[in-house]
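See below for the structure under consideration.
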Amino acid sequence: MKYDIVTLEEKTAVGVSARTSNQSPDAVAVIGGLWEKLYRGGVYEAIPGKVNEKALGIYTDYAGDEKCEYTAMAACETREEPKEGDFAVCKIPAGRYARFTVHGDMVKAVGEAWQEIWNMDLPRSFQCDFEEYQDDSMDNATIYIYVGLKAQG
């Protein structure tokens, strides 16, 4: 699977979050529930200062133990942290990322891409990975997947 190496500035993301792991039998339901809450629960409309209309699926706060737990977020990029409201806030760290471009069904294509990425020998930082949905087409979407890389040196 082809990718580009990009360097990103820090981003502020605001949305909803939950802890899960890939080993959890309800991980797909947990992550799906976040998207449901973001869009059907009125959270997206309530988030102030959006930078753009793109949605972000973020995976961060890796436990680094045998449970492999992490925080999953459904969010959007904002100019700053909101002063009020019941939102989860995440700072996507500045740094080097492998950027994969995925086209197709929003759920199926992303899931298949992650299966390939997990089997690749990338120098991952396991600090923060995220998906950036370029549009809202469910069956013919364009999605960038950013995988955090270790600093060179």
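The values are calculated or read from the model by the stated rules, or taken from the named source; none is laboratory data. These numbers come from a predicted model, not from an experiment. A quick note on method: Cβ atoms are made from the backbone with ideal geometry, for glycine too, and the neighbour counts reach across all protein chains shown.
Considering region 1-30 alone, what residues qualify as being of a type in the set (S, T, N, Q), surrounded by 14 or more Cβ atoms within 10 Å (Cβ to Cβ) and in contact with a Lys or Arg (Cβ under 7 Å, 6 or more places away or on another chain)? Within region 1-30, THR12, SER21 qualify. Answer yes or no as to whether TYR144 is aromatic (Phe, Trp, Tyr), farther than 25 Å from TYR44 by Cα and at pLDDT 95 or above. The answer is no for TYR144.
The conditions of being surrounded by fewer than 17 Cβ atoms within 10 Å (Cβ to Cβ) and under 13 Å from the mean Cα position of the chain (by Cα) are met by LYS91. Among the residues of region 31-70, those identified as buried (at least 16 other Cβ atoms within 10 Å of the Cβ) and either over 10 Å from GLY15 (Cβ atoms) or of a type in the set (Lys, Arg) (or both) are ILE31, GLY33, LYS37, LYS54, TYR59, THR60, ASP61, TYR62, GLU69, TYR70. Pairs are defined by a Cβ separation below 6 Å, a sequence spacing of at least 6 or placement on different chains, a first member in region 25-38 that is over 10 Å from GLY57 (Cα atoms), and a second member that is surrounded by fewer than 17 Cβ atoms within 10 Å (Cβ to Cβ) and among the charged types (D, E, K, R); no pair meets this definition.
Out of VAL89, VAL147, VAL110, one residue alone is on the phi < 0 side of the Ramachandran plot, among the hydrophobic types (A, V, I, L, M, F, W, C) and in contact with a helix residue (DSSP H, G or I) (Cβ under 9 Å, 6 or more places away or on another chain). It is VAL147.
Provide a single number: the residues in region 63-107 that are more than 20 Å from GLY49 (Cβ to Cβ) and polar (S, T, N, Q). Residues in region 63-107 being more than 20 Å from GLY49 (Cβ to Cβ) and polar (S, T, N, Q): 2 in total.
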